[in-house]
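Reading through the structure tokens given below for one structure.
The values are calculated or read from the model by the stated rules, or taken from the named source; none is laboratory data. Please read these numbers as outputs of a predicted model, since none were measured by experiment. Cβ atoms come from the backbone with ideal geometry, glycine included; neighbour counts cover every protein chain shown.
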Amino acid sequence: MKLVPLLFVSLLGLCVLLTGCGGVPKVGGFTVSVTGFRAIDAASPVNRAVITLRFTSENLVALAFSGSTHKLYLNGSYVGQVKDETPLGLPPLGTATHDVTFTLENPGVVRQGLSLSDQASYRLESVLYYDDLGEKHQVKTNYEGIVALHGLEAAASP
């Protein structure tokens, strides 16, 4: 009779131990959005601008990313991407902004958008990289919104 409760308690303890060592915690609860663009000085190559990204965290712990990549779509059309290897820290339940140099791969989309309005709908597909105990991981996020196109005029000029 005493053997059944002992086996049950042992099995329950083993399950708790195995789930407690479940591996890398999931990173999530954050967004990356575009707040605007800024022209680069006239001496820089054409089709380049500065894009300001806002990282917002809903996590109760601080997050540290070792780099990121971002693909930008304006009015549903691909515009270009940026790879950033600058580390970025996010405070718990906080935000951080980060400027990165962005190369327009499809400036015609920007010119078309500017001919219609000074704003455009956008989608930003982001991949953020982080290390955990020597293992490299990545997390993907998408964000959609409306952004002013000011600052992209020079980069999109032919």
Legend entry - Condition check for Ala64: assigned to a loop (DSSP other than H, G, I, E, B), modelled with pLDDT under 95, among the small types (Gly, Ala, Ser) and out of contact with any Lys or Arg (no Cβ under 6 Å at 6 or more places or on another chain): no
Legend entry - Given (1) in contact with a Ser or Thr (Cβ under 8 Å, 6 or more places away or on another chain); (2) surrounded by fewer than 16 Cβ atoms within 10 Å (Cβ to Cβ); (3) without any contact (Cβ under 8 Å) to a residue 40 or more places away in the chain; (4) over 14 Å from Ser33 (Cα atoms), number of the condition Gln119 does not satisfy: (1)
Legend entry - Test: residue in the stretch 43-60 that is at pLDDT below 90, on the phi > 0 side of the Ramachandran plot and touching a helix residue (DSSP H, G or I) at 6+ places or on another chain (Cβ under 7 Å): yes
Inset, instruction - Mind counting the residues in the stretch 81-109 that are in contact (Cβ under 8 Å) with a residue 40 or more places away in the chain and β-branched (Val, Ile, Thr)? - result: 5
Legend entry - Test result for Thr141, surrounded by 13 or more Cβ atoms within 10 Å (Cβ to Cβ), under 18 Å from the mean Cα position of the chain (by Cα), hydroxyl-bearing (Ser, Thr, Tyr) and farther than 14 Å from Ser33 by Cα: no
Inset, instruction - Could you tell me which of the residues Ala49, Ala64 is surrounded by 15 or more Cβ atoms within 10 Å (Cβ to Cβ), of a type in the set (A, V, I, L, M, F, W, C) and touching a residue at least 12 places away in the same chain (Cβ under 8 Å)? - result: Ala49
